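Below: the structure, in structure tokens.
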Amino acid sequence: MRIGSVSHSLLMLIAGGTAFLILAAGPAQAVPCGQSDLVEFEKMTWVEVKCAIAAGKTTALLYTGGVEQRGPQNANGGHNFIAHATVEAIARELGNAIFLPVLPYTPNDAEPIPGTIGITNELLAAMLERITEQAFLNGFRNVILMGDHAGGQPEVYEEVANKLNARYGALRVFYCDQVYRPANDAFDQYLAQHGYPPGLHGYIFDTSEMMYLDKDNTWVRRDLVPSAVGDPVVDGKVQIGPQSPYNGIQGDARRSTAELGKRAIDMKVDYAVRQIRSLLPTK
């Protein structure tokens with residue numbers, strides 16, 4: 001997927017520092033900038049976005065989610081639900097960022113259990129590239145790529161960041177990997193240290209995050225959590241035997257709590273913020 005030639009030429013001018021004044025000199029100057037604490041691009045007006053960028057919010061956060069079965073107790077869109085809350089918290093903690101709409105599909109394949117809808121690595125790469133370039137055309141100087149689902153990580157995200165950095169120079173793309181694998185591993189270590197059973201999918205980690213965020217009781221079937229046990233996980237591998245419940249759970253989610261979910265989300269935000277701050281260029 002290639003950006004149009006006119007947009008591409010403008011992007012090259014922006015990257016060279018000669019077109020930023022074109023964007024800044026638009027008609028928004030005639031519209032006063034009001035006070036706003038919004039950090040969600042799709043809920044902001046164009047005036048609010050322009051004012052926020054002029055005030056220093058020049059970093060766009062592009063977070064991907066995913067749609068997949070997550071056990072009988074969790075809604076299929078849990079990755080998107082978690083991604084939206086996590087990226088908003090990251091944006092607010094950073095103070096210089098706005099988050100773009102969460103990309104709801106990531107690499108995956110439909111399964112015999114309904115609930116999973118995935119795309120290919122190639123489609124993800126094309127989407128990340130296109131959205132990043134569009135963010136630059138809106139006036140952002142940095143774009144951070146992150147994801148809540150394993151599909152495409154780290155290869156696709158790294159490849160897109162490297163490709164666009166080579167193309168545009170001064171406009172920077174960074175892949176924040178700490179919010180996914182390192183933060184997840186740290187939480188799993190916490191669970192192990194406190195005597196919780198291990199898992200890989202639809203287990204305590206996933207379910208607790210959703211229980212913490214699900215204030216309206218629409219994403220988690222709480223009446224099913226006490227029976228949410230699937231195939232056991234031993235030494236990091238799922239053990240599927242003849243008596244497998246085949247219910248989408250790898251591990252045991254029965255001890256999930258909102259308190260554990262808050263800890264998991266806080267870990268993700270902390271890991272991401274520290275990495276992003278270390279990546280962003282300083283003035």
Next on the checklist: Helix-only mean residue ellipticity at 222 nm, the chain, DSSP H runs n ≥ 4 weighted -39,500 (n - 2.57), per residue, nearest 500. What is it?
Outcome noted: -13000 deg cm²/dmol
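Please compute the contact order of the chain in relative form: average sequence separation of alpha-carbon pairs under 8 Å and at least six residues apart, divided by the residue count, as a percent. Intermediate values should be presented prior to the final figure.
Numbers: 512 pairs, mean separation 55.4, N = 283.
So the answer I get is 20 percent.
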Checklist entry - Taking N as the number of residues in the chain, what is its Cα Rg relative to 2.2 N^0.38 Å? => result 1.08
Checklist entry - Residue-wise, which Karplus ³J(HN,Hα) couplings in Hz belong to segment 112-128, taking 6.51 cos²θ - 1.76 cosθ + 1.60, θ = phi - 60°, and x for glycine or proline? => result x, 7, x, x, 9, 9, x, 10, 8, 4, 5, 5, 4, 4, 5, 5, 4
Item to check | Average projection area in nm² (convex hull over Cα atoms of segment 134-227, one quarter of hull surface) | outcome: 8.6
Checklist entry - How large are Rg and Dmax for segment 81-123 when only the alpha carbon atoms are used, in Å? => result 14.1, 43
Next on the checklist: If you fit an axis through the alpha-carbon atoms of helix 204-213 and take the longest principal axis of the Cα set of the chain, what angle between them do you get, 0 to 90°, nearest 10?
Outcome noted: 60
Checklist entry - Viscosity 0.890 mPa s, temperature 25 °C: Stokes-Einstein D of segment 183-264 from its Kirkwood Cα radius, in µm² per second? => result 192
Checklist entry - Using a 1.4 Å probe, what is the accessible area per residue for segment 169-283, in Å²? => result 53
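Loop only per DSSP, at most 11 neighbouring Cβ atoms within 10 Å: give me the GluC sites (Glu not before Pro) in segment 30-85, ordered by residue number.
Values: sites: Glu40, Glu42, Glu48, Glu68; in loops: Glu68.
Counting only loop positions with at most 11 other Cβ atoms within 10 Å, none of the GluC sites (Glu not before Pro) in segment 30-85 qualifies.
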Checklist entry - Ile53 accessible area, nearest 10 Å², 1.4 Å probe? => result 10
Checklist outcome for this item: In degrees, nearest 10, the alpha-carbon axis of helix 181-193 is tilted away from the dominant principal axis of the alpha carbons of the chain by 30
Checklist entry - Share of the chain's accessible area from carbon and sulfur, percent, 1.4 Å? => result 55
Next on the checklist: Angle check, please: helix 258-279 long axis (alpha carbons) against the longest principal axis of the chain (alpha carbons), in degrees 0 to 90, nearest 10.
Outcome noted: 30
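Of all trypsin sites (Lys or Arg not before Pro) in segment 151-251, which ones are in loop regions per DSSP and have a Cβ with at most 16 other Cβ atoms within 10 Å?
Within segment 151-251, the qualifying trypsin sites (Lys or Arg not before Pro) (loop, at most 16 other Cβ atoms within 10 Å) are Lys215, Arg221.
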Checklist entry - When Lys and Arg each count +1 and Asp and Glu each count -1, what net charge do the other residues less than 11 Å away from Asn142, Cβ to Cβ, add up to? => result +3
Checklist outcome for this item: Within the chain, the cysteines whose Cβ lies no closer than 4.7 Å to any other cysteine Cβ are Cys176
Checklist outcome for this item: The correct pair for segment 109-157, radius of gyration to one decimal and Dmax as a whole number, both in Å and from Cα atoms, is 13.4, 44
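The values are calculated or read from the model by the stated rules, or taken from the named source; none is laboratory data. Quantities reported herein were computed from a predicted structural model and do not represent experimental measurements. In this analysis, Cβ positions are derived from the backbone assuming ideal geometry, glycine residues included, and neighbour counts consider all displayed protein chains. Only protein heavy atoms, including side chains, enter the accessible area calculation; ligands, DNA and RNA are left aside. Shrake-Rupley method; radii C 1.70, N 1.55, O 1.52, S 1.80 Å.
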